[in-house]
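Participant: The structure under discussion is supplied below as structure tokens; questions concerning it will follow.
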Amino acid sequence: MTLSKYGRPIGAPRLQEYTGLVDKYGRTAGKAICEVCGKEFIRRLSKLRESIHHYCSRACRNKRNLTGEKNPTWKGGRWQTPQGYIIINLPDGHTLEHRLVMELHLGRKLTDEELVHHKNGIKDDNRIENLELTTKAEHARHHMIQRMEMR
């Protein structure tokens with residue numbers, strides 16, 4: 001059985017034919033089938049036409065797990081912060097990519113006292129050649145010297 005990108009079998013009818021039904025407010029309605037429990041229910045025709053997914057209740061809608069790779073808006077678990085750093089989504093949480101690259105290079109976890117400095121100043125350039133392991137004090141001193149040179 002081939003599934004669409006929404007998890008519905010291809011060729012399966014999404015809506016049943018209009019049967020002259022009305023909803024509890026007197027609006028034209030049709031029958032739909034809940035994607036989670038398979039229950040048939042009545043829903044306003046305009047909602048049936050505009051919606052991709054159909055659920056008989058909020059409980060059924062909440063049962064559908066659309067997290068991570070199952071979510072249609074998934075972008076690979078990698079995104080950029082407003083400051084320009086890349087964040088990687090890992091099974092046990094997320095981490096900054098430059099720290100992960102340095103940890104893999106060293107073969108150990110970084111301590112809280114260690115910082116990873118981008119030599120060229122480009123925060124999303126996480127090649128090991130561009131990364132330098134420093135302490136907080138060394139890093140602050142390096143940037144202070146840079147600011148003094150700019151004057």
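The values are calculated or read from the model by the stated rules, or taken from the named source; none is laboratory data. Predicted model only: the values in this text are computed from it and were never measured. Positions of Cβ are generated from backbone atoms using ideal geometry, with glycine treated the same way; all protein chains shown enter the neighbour counts. For the accessible areas, the whole protein counts, side chains as well, though only heavy atoms, and no ligand, DNA or RNA atoms are used. Shrake-Rupley method; radii C 1.70, N 1.55, O 1.52, S 1.80 Å.
Participant: I'd like to know if the stretch 35-58 contains one or more residues that are open to solvent by 50 Å² or more (accessible area, probe 1.4 Å), under 30 Å from L21 (Cβ atoms), in a loop (DSSP other than H, G, I, E, B) and touching a Gly at 6+ places or on another chain (Cβ under 8 Å).
Facilitator: yes
Participant: In the stretch 89-98, how many residues are open to solvent by 50 Å² or more (accessible area, probe 1.4 Å) and not hydrophobic (A, V, I, L, M, F, W, C)?
Facilitator: Here the count works out to 4.
Participant: Another one. Hey, can you tell me all the residues within the stretch 118-132 that are open to solvent by less than 60 Å² (accessible area, probe 1.4 Å) and either in contact with a Leu (Cβ under 8 Å, 6 or more places away or on another chain) or charged (D, E, K, R) (or both)?
Facilitator: H118, D125
Participant: For the stretch 124-151, which positions are among the β-branched types (V, I, T) and free of Cβ contacts under 8 Å to residues at least 24 places away in the same chain?
Facilitator: Correct list: T134, T135, I145.
Participant: If you scan the stretch 24-34, which residues turn out to be assigned to a loop (DSSP other than H, G, I, E, B) and out of contact with any helix residue (DSSP H, G or I) (no Cβ under 9 Å at 6 or more places or on another chain)?
Facilitator: Hits for the stretch 24-34 are K24, Y25, G26.
Participant: Further question: Of all the strands (runs of 3 or more DSSP E) wholly in the stretch 77-130, which have at least 1 residues that are out of contact with any strand residue (DSSP E or B) (no Cβ under 7 Å at 6 or more places or on another chain)?
Facilitator: 86-90, 93-96
Participant: Kindly indicate which of L21, L115 is open to solvent by less than 90 Å² (accessible area, probe 1.4 Å) and under 30 Å from M144 (Cα atoms).
Facilitator: Of L21, L115, the one residue that is open to solvent by less than 90 Å² (accessible area, probe 1.4 Å) and under 30 Å from M144 (Cα atoms) is L115.
Participant: I need the full set of residues from the stretch 59-76 which are assigned to a loop (DSSP other than H, G, I, E, B) and more than 14 Å from the chain's Cα centre (by Cα), in order please.
Facilitator: Hit for the stretch 59-76 is R64, nothing else.
Participant: Report whether or not G84 is modelled with pLDDT of 80 or more and in contact with an Asp or Glu (Cβ under 9 Å, 6 or more places away or on another chain).
Facilitator: Here the answer is yes, as G84 does meet what is asked.
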